[in-house]
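Notes follow the structure.
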Amino acid sequence: MVKIAPSVLGADFAKLGEEIRDADKSGVDLFHLDIMDGHFVPNISFGPAIVKTINGLTDKFLDVHLMLAQPEKYFEPFVKAGSDSITFHLEVHPDPTRYAEELKSMGIEAGLSVNPDTPAEKVLPYLEHFDLLLVMSVFPGFGGQSFIETALDTVAVARKHVDDNNLSTKIAVDGGVDASNAARVVEAGADILVMGSAFFNSDERGALVKMVQAL
Ligand code: DX5
Ligand code: ZN
C-alpha cells in the first residue's frame with residue numbers, strides 16, 4: 001500500500017492542534033516534519049519543541065526531515081522530542097553511513113535525502129544502510145513549489161537498485177506532489193508520498209488519503 005505523509009509545514013499554524021488531529025483522523029499513515037536552519041536552505045521553520053508538541057497530539061510515526069547544515073548536532077534533541085525517523089541530506093554528508101548507524105543506535109530509523117540536482121548514482125551505494133530514501137522533487141526551503149519532473153528519474157533508478165538488491169529501504173518523494181501527479185510518482189517507484197500544500201489545502205482530506213493509498 002502506498003503511504004501518504006502530510007508535511008506539517010503546509011498546515012495552518014494558528015490552529016496546529018486541530019490540523020494534526022484532523023489529519024490523523026483522515027487516515028494519514030505518518031507525518032513529515034520539515035526542519036530548516038537558514039543555512040542549508042534559505043528559510044527557517046521550527047525546532048524540537050514543536051516536534052514534541054506534535055508528538056503529543058498523535059500516535060502516528062513522525063519522520064523528521066532535517067534541512068540543516070550540521071544535522072548530527074541535533075539528532076539527540078529531535079530523538080528526545082519524539083522523532084521515529086530522522087532524515088538528513090547527502091549534500092551535507094557525502095559519506096553518510098556513520099550517521100545512519102548513529103541514528104539506529106539511538107533507537108530510531110535513518111533516512112537519507114537528495115536534492116533534485118544530485119545524480120541518483122551518488123546515493124545508491126548508501127541505500128543499504130538506510131530505512132528511507134527521500135527524493136526531493138523541489139529545491140528544499142519552501143512549501144508550495146512546483147514539482148520537478150526529473151525527480152522521477154531518480155526515483156526509478158533508486159527503485160531498481162532497491163529491488164535488484166532486495167533492500168528494505170522505502171522511497172519517499174517530497175515537494176510539489178499533488179493529486180495530479182501522484183499516480184506518476186508511484187509508477188516511478190515511490191512507496192511514500194509527502195504532501196504539504198496539496199494535503200492541507202484540500203477540502204477532501206479523507207478522499208485524498210484513500211486515493212493515494214489505493215495507487
Ligand atoms: C520543502 C519541504 C517539503 C515541502 C512539501 O522544503 O521539504 O516537505 O514543505 O510541501 P509541498 O507539498 O507544498 O511542496
Ligand atoms: Zn520535507
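Every number in this text was worked out from the coordinates using simple rules, so none of it is lab data. Keep in mind that this is a model prediction, so the values were computed, not measured. Cβ placement follows ideal geometry from the backbone for every residue including glycine, while neighbour counts extend to all protein chains displayed.
Odds and ends about this structure:
- Entirely in the range 62-133, the helices (runs of 4 or more DSSP H) that have 1 or more residues that are of a type in the set (S, T, N, Q), over 21 Å from Asn165 (Cα atoms) and more than 16 Å from ligand 1 (Cβ to nearest atom): 97-105
- For Ala151, the criteria (1) away from ligand 2 (no atom under 16 Å from the Cβ); (2) within 15 Å of the chain's Cα centre (by Cα) hold in every case but one, which is (1).
- If you go through the range 51-76 and pick out every residue that is among the β-branched types (Val, Ile, Thr) and touching a residue at least 40 places away in the same chain (Cβ under 8 Å), you end up with 1.
- Index of the failed condition, Gly189 passing every other in (1) within 16 Å of ligand 1 (Cβ to nearest atom); (2) in contact with a strand residue (DSSP E or B) (Cβ under 7 Å, 6 or more places away or on another chain): (1)
- If the condition is being charged (D, E, K, R) and in contact with a helix residue (DSSP H, G or I) (Cβ under 6 Å, 6 or more places away or on another chain), then the range 14-39 contributes only Asp34.
- Residue among Leu68, Leu124, Leu62, Leu134 that is more than 13 Å from ligand 2 (Cβ to nearest atom) and among the hydrophobic types (A, V, I, L, M, F, W, C): Leu124
- Here the range 7-38 is the region considered, the condition is being in a loop (DSSP other than H, G, I, E, B) and within 16 Å of ligand 2 (Cβ to nearest atom), and the residue that is nearest to Arg205 (Cα to Cα) is Val28.
- Among the residues listed as Asp163, Asp131, the single one being charged (D, E, K, R), under 16 Å from the mean Cα position of the chain (by Cα) and either within 19 Å of Lys3 (Cα to Cα) or crowded, with 21+ Cβ neighbours inside 10 Å (or both): Asp131
- Pair list, Cβ under 8 Å, 6 or more apart: the range 143-160 residue of a type in the set (Phe, Trp, Tyr), other residue within 15 Å of ligand 1 (Cβ to nearest atom) and part of a loop (DSSP other than H, G, I, E, B): Phe147/Ser137; Phe147/Val138; Phe147/Gly175; Phe147/Gly176; Phe147/Val177; Phe147/Asp178; Phe147/Asn181
- Residue within the range 6-14 that is among the hydrophobic types (A, V, I, L, M, F, W, C) and loosely packed, with under 15 Cβ neighbours inside 10 Å present: yes
- Within the range 162-213, considering residues that are more than 16 Å from ligand 2 (Cβ to nearest atom), touching a helix residue (DSSP H, G or I) at 6+ places or on another chain (Cβ under 6 Å) and not in a helix (DSSP H, G or I), the one nearest to Gly143 (Cα to Cα): Ser202
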